[in-house]
Amino acid sequence: MDQRISLVTLGVRDMERAAAFYEALGWQRVDSPDGVIAFDLLSQTLGLYGLDALAKDIGVPAQTLGTGAMTLAHNLPDREGVDAVMASARAAGAKILKPAVESFWGGYHGYFADPDGHIWEIAHNPFSALSPEGAFRWNGY
């Protein structure tokens with residue numbers, strides 16, 4: 001797994017209220033599918049996603065995510081990379097929360113928790129091509 005973070009997803013209770021906060025800081029939304037609000041950062045993206053929807057996608061009760069729920073995402077150029085990183089994570093002692101599967105949004109992803117419980121999403125998003133260096137932007141390079 002490369003030493004980088006592609007997408008930080010924050011589980012939020014009120015999407016528009018959360019978006020308004022970041023917009024008040026001067027951030028600008030980028031086009032994204034319904035149910036997700038995205039802000040491109042310098043070589044990364046911050047995503048806002050409904051807390052209940054995030055919990056459902058991971059497969060855990062929302063109350064287990066606590067305050068400030070989030071996932072750290074690592075995007076890869078293909079499905080095989082996702083499978084390889086998930087296998088490496090398992091071998092390193094990660095708890096697999098959701099094996100890699102086809103997603104509702106057209107990509108391929110899975111979730112694991114590190115030994116401290118921090119949740120990582122490992123994903124291939126065919127709509128957000130990575131740069132040659134592996135940098136991520138919400139709508140691709």
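Remarks
- Selected from ASP78, ASP31, ASP57 as most flexible by GNM, with the chain as the system and alpha-carbon contacts under 10 Å: ASP31
- Total formal charge among the other residues, if their Cβ is under 10 angstrom from that of LYS98, Lys/Arg +1 and Asp/Glu -1: -2
- For the chain, built as a Gaussian network whose Cα springs stay under 10 Å, the top-fluctuating residue of ALA24, ALA55, ALA94: ALA24
- Selected from LEU76, LEU97, LEU25 as most flexible by GNM, with the chain as the system and alpha-carbon contacts under 10 Å: LEU25
- Alpha carbon centroid spacing (whole Å) that separates the range 121-141 from the range 1-62: 16
Each value in this text was obtained by applying a stated rule to the coordinates, not by laboratory testing. Predicted, not measured: the structure shown is a model, and the values here were computed from it. Because the Cβ atoms are built from the backbone with ideal geometry, glycine has one as well, and the counts that use them run over all protein chains shown.
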